[in-house]
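Engineer: Shown below is the structure under consideration.
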Amino acid sequence: MLRPTHVRQHVNFMRSREFNVGEVVAGTGIDAQKLDDPAYLVSVAQAHTLVTNMLRLSNEPGLGLDVGGA
């Protein structure tokens with residue numbers, strides 16, 4: 001299980017690019033409203049689905065470089 005810190009950063013990155021948060025977390029089971037709660041945990045599978053959604057929505061194969069540089 002993962003703390004929500006990185007997931008929140010990923011969601012905020014996509015939000016800054018004007019993507020709909022609901023679409024970014026779709027199918028993950030992640031409650032975006034709980035990402036500020038340090039006790040909230042996200043599974044590796046949920047995080048993987050989130051990244052898959054990010055890549056699909058952005059259609060940018062190099063998205064990881066952009067996220068890492070943000």
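The values are calculated or read from the model by the stated rules, or taken from the named source; none is laboratory data. This one's a predicted model, so the numbers in the text were calculated from it and none came from an experiment. Cβ atoms come from the backbone with ideal geometry, glycine included; neighbour counts cover every protein chain shown. Surface areas here come from the heavy atoms of the whole protein model, side chains and all, with no ligands, DNA or RNA. Shrake-Rupley method; radii C 1.70, N 1.55, O 1.52, S 1.80 Å.
Engineer: Compute the acute angle (0 to 90°) between the alpha-carbon long axis of helix 44-58 and the principal axis of greatest extent of the alpha-carbon atoms of the chain; round to the nearest 10°.
Structural biologist: So the helix axis and the longest Cα principal axis differ by about 30 degrees.
Engineer: Let me ask another. What is the ratio of the Cα radius of gyration of the chain to 2.2 N^0.38 Å, with N the residue count, to two decimals?
Structural biologist: Compared with the compact-globule rule of thumb, the chain sits at 1.01.
Engineer: Moving on to the next point. Amide H of L2 versus every other amide H placed in the peptide plane: which residues, excluding those fewer than 5 positions away on the same chain, fall under 5 Å?
Structural biologist: Amide H to amide H, under 5 Å and 5 or more residues apart or across chains, L2 pairs with V42, S43, V44.
Engineer: Would you mind computing, in nm to one decimal, how far apart the modelled labels at F19 and D31 are, each placed 7 Å from Cα along Cα→Cβ?
Structural biologist: 2.3 nm
Engineer: Here is a follow-up. Please list, in order along the range 23-35, the HN-Hα scalar couplings obtained from phi with the Karplus expression 6.51 cos²θ - 1.76 cosθ + 1.60 (θ = phi - 60°), rounded to whole Hz, x for Gly and Pro.
Structural biologist: Values per residue, Gly and Pro as x: 6, 5, 9, 4, x, 8, x, 7, 9, 4, 6, 9, 5 Hz.
Engineer: Here's something else I'd like to know. Just the number, please: carbon plus sulfur as a percent of the accessible area of the chain, 1.4 Å probe, no ligands or DNA/RNA counted.
Structural biologist: On the way: 2380 of 4430 Å².
Accessible surface attributable to carbon and sulfur in the chain totals 54 percent.
Engineer: When ligands, DNA and RNA are left out and all protein chains stay put, how many square angstrom of accessible area per residue does the range 3-70 have with a 1.4 Å probe? Please list the in-between numbers first.
Structural biologist: Working: 4220 Å² over 68 residues.
With all protein chains present, the range 3-70 gives 62 Å² per residue.
Engineer: Rounding to the nearest 20 debye, state how big the charge dipole of the chain is about its Cα centre with +1 on each Lys and Arg Cβ and -1 on each Asp and Glu Cβ.
Structural biologist: That gives the chain a dipole magnitude of about 80 debye.
Engineer: Hey, another quick one. Compute the helix-to-body angle for 5-16: its Cα long axis versus the longest principal axis of the chain, expressed 0 to 90° and rounded to tens.
Structural biologist: The two axes meet at around 40 degrees.
Engineer: So how do 8-16, 26-34 stack up, highest first, on mean other-Cβ count within 10 Å?
Structural biologist: On the way: 8-16: 16.6, 26-34: 14.7.
Highest-to-lowest ranking by the protection proxy: 8-16, 26-34.
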